[in-house]
Structures are given as C-alpha cells and as structure tokens.
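As structure tokens, the structure follows; a few thoughts come after it.
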Amino acid sequence: MSKPVSIKDLEDGKLINKPVHVFGWVKTFRSNRFISLNDGSMINDIQCVIDLQSSEVDINQINTGASIEVYGKLVESLGKGQKFEILVDQLNVLGSSNPDNYPIQPKKHSFEFLRENAHLRIRTKTISSVMRIRSEISYAIHKFFNENGFFYVHTPIITGSDAEGAGEMFSVSSLDKSKIPMDNDGSIDFSKDFFGKETHLTVSGQLEAEALAMGLSKVYTFGPTFRAENSNTSRHLAEFWMIEPEMAFCDLTENINLAEKFIKYIIKHTYDKCKNDIEFLNERLTKEEMNLPKDKRSELSLKEKIEFVINNDFVKLSYSEAFDILKNCKRNKKNKFTYKIENWGCDFQSEHERFLVEKHFKCPVVVYDYPAKIKAFYMRLNEDGKTVRAMDILFPGIGEIVGGSQREERLDVLEKRIEELDIDDKELWWYLDLRKYGSVKHSGFGLGLERLILFITGMNNIRDVIPFPRTPKNADF
Ligand code: ATP
Ligand code: MN
C-alpha cells in the first residue's frame, strides 16, 4: 500500500503512473464516473475516475460533501481542465453526506449565506484560498522580523490599564453577575474581582511592547486584539489580529521606512507563494466587477494592484499637506463629502483617506505629523507644539492599514500631555518609569492583519478573511 499524499503532491506529475492514495471531500460527482476531490492542500481539485467494471465502489454514497479515501493510479488526463487524474482502484467512503441538506452545494453562494455556515464555508474555493493566503502572510510576517533582527514577544491579552485609548474595551471579570459586589457609592467593588481591580481585553500590546523594546531593542507582537466598537463596517472586527513592531533608537522616518519595506515584503512573498489562489481570486473579482456599472469598476485588476504596490514608492506627506489637498479639492468644495473639510485639526474620515489614495495619488499614502488633539497621549510632540510624530498608512480600497508613531520619550513632556488630556495615570507608573531609566527615542506601529489580507485577496468584507468573525451581535461558532 502506498503512503497517503496530499492532492498538492500530485500537481508536479512526479507520481505519474504510480499508485497513489489520497483523502478528501467530494466537490461534485458527474455521470457516475467523475469525482472532483479536494483536501484543502491547494485550490485545484483532483479528478478521480471510476471504472465501475474494474473498481470496487459503492457509488450511492459518493455525494457532495462526503469524505472519501481513494486508491488508484495517477495518469495524464485526456479531459480538459486538468493535467492529471486518478484512475480509481478502490474507494472508501469515510463520512457520508446527505446531498439534500448539505449547505455547500456546487453553485455560487452569497457571502452572507456562507457566513451563516462559517463552519462549512472553508470547503469553498474562495474561503479556502483566503485562509491559505492568511496562513502564508502570517508565516511571512515572522520570517521578515526574524530576518531583520526582531524578537517575537508576547504581551498580555488581559490588561489592567484602560489608558491605551484605542477604543472601547471589553471587560474581563469572574464576578457572579447575579450578585455583583457594590461599593458604598454605588459603583462595582472590583477589589472583590479576580484580579482585585478592573481588567479588560487588550486593544493593543504597544505599551508593554515598548517596555520590552527598552531591553531587547527590536521586538514585535502578533496576536489577537479586541475592540468593542459598535461600528458595523466592512473594515472593523471586535476581535482581530494585530502586528506591532517596536524599535528602540528609531525615529519616525525610520519607522515609516520599515513599515513600507515590511508591507512590500509580505505582499511580495505571498504573491510569489500563493500564485494559484491569487489567480483564482483575481478572476473572481474581475467577474464580479463585470456586474457593476462601468464607473464603479476598478481601473486595475487585483494582480495589477498587488504589483503596483510592490513596485512603487508610497507617497509621503504631512497632515497639513493632506489637509490642504482635501480642503481645496472639487469634491470638498461641492460638498460631496459627508464630512466637509473646513478647519485644520479635524480628523480624516475614511471617505477622505480613500479620496487621497484612490483619486488623488492613486498610490498607497503615508500621512504623518497629525494634530496632537486627535492622536494618543504617547505620541512624540513636535517642536511646533501642536502636531505629533504620528503616521498612518492608507491603502486603496481599505483606508487605514497601519497606525504608528514615534513615542514621547521625554518624561516631563509626557507627564504634561497626560495631565492635559486628563488621563488617569495611576496605572501608568511603569510606563513613566521607562522614561526615568535609560529613556531613548523609539517608535513602532500597528498593522491590522485582516486589513492586509483584504488587500491581497481583493475581498470586500473583513468578515470573510477571518475564520470565525466576531462583530456586534455575532459570536456564533
Ligand atoms: P480605524 O480608524 O480604521 O478604526 P484605528 O485608528 O482605530 O483604525 P489603530 O488604533 O491605529 O487603528 O490600530 C492599528 C491598526 O489596527 C489599524 O491601522 C488597522 O489596520 C487595525 N485595526 C484597528 N481597528 C480594527 C478593527 N476593529 N478591526 C480590524 N482591524 C483594525
Ligand atoms: Mn478605530
């Protein structure tokens, strides 16, 4: 008996005319003779051909969705659409499937329907392609940092500080909800809770990563992140994965350059390694866009967009320059933005970010030196006293993909900012300590994994690039 192989192992033809043994799930079964079989190892199915006279097979159980095991010989295929096929000697049904109620029929399903069947949608070509790409991107992220002298660190998921200021937090508690201990003043007595204080799920590992960078110099985190933001957009999840490098002895310019190099590396690596999947997604998107009116279609295909990003420098400009462009553009003057750009200091909405990227520059854009008022307390104050060394990287079709900054390393300036913003600093004593003992300039950024996957796969909704999405009113599976 030959050792079982993955369907991917059949692709290069090395096993031609040899006995092979594969497993998989039946996609389709035609003419009582042709099975399309897939095991997830690659996008293409292998065709298994049954000769009822010579093989031992009970064909009644070969239904879409069933799992089977096939023994046979790999031969060149005479049919169109595949190079090789398996002539079946023996076939065993491992798990049957009822063809009448198996949800993933061999036809086009809407993404909404597939989300309701998130436990089975991995068996579709689109979702399995996305998940293979997600895996390759994750690998490339570790590879990049490893090759560039970074250490992978693990920052806590449960956090005692709510000063990160990156959004609404989920609380973590082991108190019995039916008898919550109260203080005399009517507030919850968290001293009786598990940690003896109020705790939350982290919205960012940055503050702890800063501490670790002040000894390891170059670190990164890559883990789950939680934000209870009640915004039902196609770009936000309540649970997402974030990559956060943090570098000592590094200023904002070096930070931006690293981010650009990093993003290009990941995209190029994935583009080279996931050719079949990206080819499939490219065609999917092109077909889908054919249904849109001409002016809504993208000028570039998915592959062209990817190549463009790999091969072109990101545009870099300050907030003030971006503000002028937006304020003076026709769309703003004709009141075509939902939020009109009027006064310096306003935060850009995603409509503005996308205008800059998609209409004005037609290129990924880095905006830096934002007004201090709209950014977090830890960002380094510029000499002008009103802007901070922040940067956002904006991508076509997505908007913000990276948010980062040079951190305030001067104790007195940081303390003043904390006071001005009226932030409760009792949880921040250790963060301030970092500015007392060997403080150095340092910088870092956060990249949302799912937003990068959206870009590389051309998918429209962030719920379709994570296996089991967590969004408002939805934590099934
Ligand atoms: P946005 O304005 O899009 O909500 P943000 O300013 O809150 O983003 P940061 O706090 O800078 O984002 O977080 C860093 C990165 O994490 C973002 O650039 C984005 O890629 C990603 N990100 C932030 N919030 C979410 C979310 N809810 N779901 C998925 N990714 C997110
Ligand atoms: Mn946000």
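What follows draws every value from the coordinates through simple rules; no lab data is involved. Predicted model only: the values in this text are computed from it and were never measured. Because the Cβ atoms are built from the backbone with ideal geometry, glycine has one as well, and the counts that use them run over all protein chains shown.
A few remarks follow.
- The angle between the Cα long axis of helix 275-290 and the main principal axis of the chain comes to about 80°, on a 0 to 90 degree scale.
- Pairwise centroid distance, computed over Cα atoms, of segment 399-451 with segment 1-78, Å: 56 Å
- Applying the criteria of a DSSP loop state and at most 16 other Cβ atoms within 10 Å to the trypsin sites (Lys or Arg not before Pro) of segment 357-399 yields 362, 386.
- Lysines with Cα under 28 Å of residue 334, excluding same-chain neighbours fewer than 8 positions away: 294, 296, 316, 359, 362, 373
- Cα-based reach from residue 73 at 18 Å (exclusive), listing aspartates and glutamates while leaving out same-chain residues under 8 positions away: 9, 11, 12, 39, 45, 51, 56, 85, 89
- Just so you know, the averaged projected area of the alpha carbon convex hull for segment 39-83 sits at 4.1 nm².
- Mean Cβ neighbour count within 10 Å, used as a protection proxy, ranking 4-16, 103-115, 211-223 highest first: 211-223, 4-16, 103-115
- Helix-only CD estimate at 222 nm, as mean residue ellipticity for the chain, using -39500 (n - 2.57) per DSSP H run (n ≥ 4): -8500 deg cm²/dmol
- Converting phi to 3J(HN,Hα) with the Karplus coefficients 6.51, -1.76 and 1.60 and the offset θ = phi - 60°, segment 243-255 yields 10, 10, x, 9, 10, 6, 6, 9, 9, 5, 4, 5, 4 Hz in sequence order, with x at every glycine or proline.
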